[in-house]
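No lab work stands behind these numbers, since they all come straight from the coordinates. Please read all numbers here as calculations on a predicted model, not as lab measurements. Neighbour counts are summed over all protein chains in view; Cβ atoms, including those assigned to glycine, are modelled from backbone coordinates with ideal geometry.
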């Protein structure tokens with residue numbers, strides 16, 4: 001569901017939240033994700049957009065808020081919602097028919113793994129789970145961005161508007177500030193946005209921290225992953241880098257990250273209009289399928305091997321990180337207001353988007 005938020009006492013600007021946390025509800029009904037619509041609308045999308053080619057920049061700026069809205073909706077409301085965990089309950093009952101055991105889409109054979117009573121994905125996959133789960137949700141969102149009915153339901157394109165995929169829209173195609181858009185262009189820019197976020201997300205990767213390769217303990221199947229997570233400060237950044245690398249490894253690859261030969265720390269994202277709809281979509285769909293099955297069947301070993309392979313930051317990616325760090329700007333501040341009850345009436349207090357305003361807002365909350 002999508003809801004506006006009046007105020008949120010958190011250290012970060014949340015675009016969505018998960019709930020409820022009650023185990024009985026989670027086990028029987030699953031988790032629900034709530035999109036905070038006005039928080040999402042306040043995200044400064046294109047104040048600083050290095051690495052986008054001059055050919056794509058104007059289009060990217062036109063569509064970035066539209067794509068962010070659509071991708072976040074699909075990520076939160078479907079990407080994190082879908083799927084059924086194969087598991088036993090406290091009485092030892094399995095949540096599927098033993099006479100009709102689900103088959104693995106990879107081998108065609110009956111699945112061999114699942115969650116024991118009391119286990120959840122976090123306890124099985126450990127420190128890498130948040131990033132793996134975000135990679136799954138982002139991949140599902142990208143896959144669904146190709147479906148015209150989905151984009152129509154989100155209000156991104158008009159029902160009945162068609163065009164050859166990859167065709168740039170004319171000025172007449174832009175209505176209400178570019179809200180109604182041709183399907184192919186929206187999809188192209190959705191991929192472009194994920195790639196751009198992935199590149200800039202390398203700033204949260206710390207190449208100085210060593211990775212421990214110790215074996216997982218009996219208590220936690222993924223204990224060895226706790227140290228791997230420490231090389232990334234943000235799970236979303238690792239998740240998007242996994243998608244970026246998946247696109248680079250696709251055959252044929254729709255993506256190139258061009259290093260500038262002039263000695264300056266600069267990059268340009270080169271995305272093929274033609275290949276992104278076929279090879280790119282196929283690669284991301286395959287990624288989503290694998291991560292989804294690993295998560296639903298508690299397949300830690302295969303999930304670890306797959307996710308580590310696509311999120312390993314190699315020497316070339318470290319050169320990209322150098323360029324990102326050179327062009328990195330201070331993160332924009334988003335300062336939530338406060339509500340005060342005065343003589344029976346509610347007053348809403350806003351603050352300037354400065355460090356002083358941020359500190360004052362927290363001081364006034366008294367928490």
Quiz item: How many nm is it between the label spots at residue 53 and residue 18, if each spot is 7 Å from the Cα in line with the beta carbon?
Solution: 3.7 nm
Quiz item: Expressed as a whole number of Å, what is the distance separating the alpha-carbon centroids of region 274-294 and region 117-151?
Solution: 13 Å
Exercise. For residue 345 and residue 314, compute 0.36 nm times the residue count separating them, minus their Cα-Cα distance, and round to one decimal in nm.
Key: 5.4 nm
Quiz item: How compact and how long is region 71-149, expressed as Rg and Dmax of its alpha-carbon atoms in Å?
Solution: 15.1, 44
Quiz item: What's the exposure ranking of 73, 82, 296, going from fewest to most Cβ atoms within 10 Å?
Solution: 82, 296, 73
Practice problem: Could you work out the per residue convex hull volume over the alpha carbons of region 245-367, in cubic angstrom? | Solution: 240 Å³
Practice problem: Grab the Cα-Cα distance for residue 328 and residue 38, subtract it from 0.36 nm times how many residues apart they are, and report the gain in nm with one decimal. | Solution: 101.8 nm
Quiz item: Given 0.36 nm per residue, what is the gain on full extension from residue 78 to residue 113 after removing their alpha carbon distance, in nm?
Solution: 10.2 nm
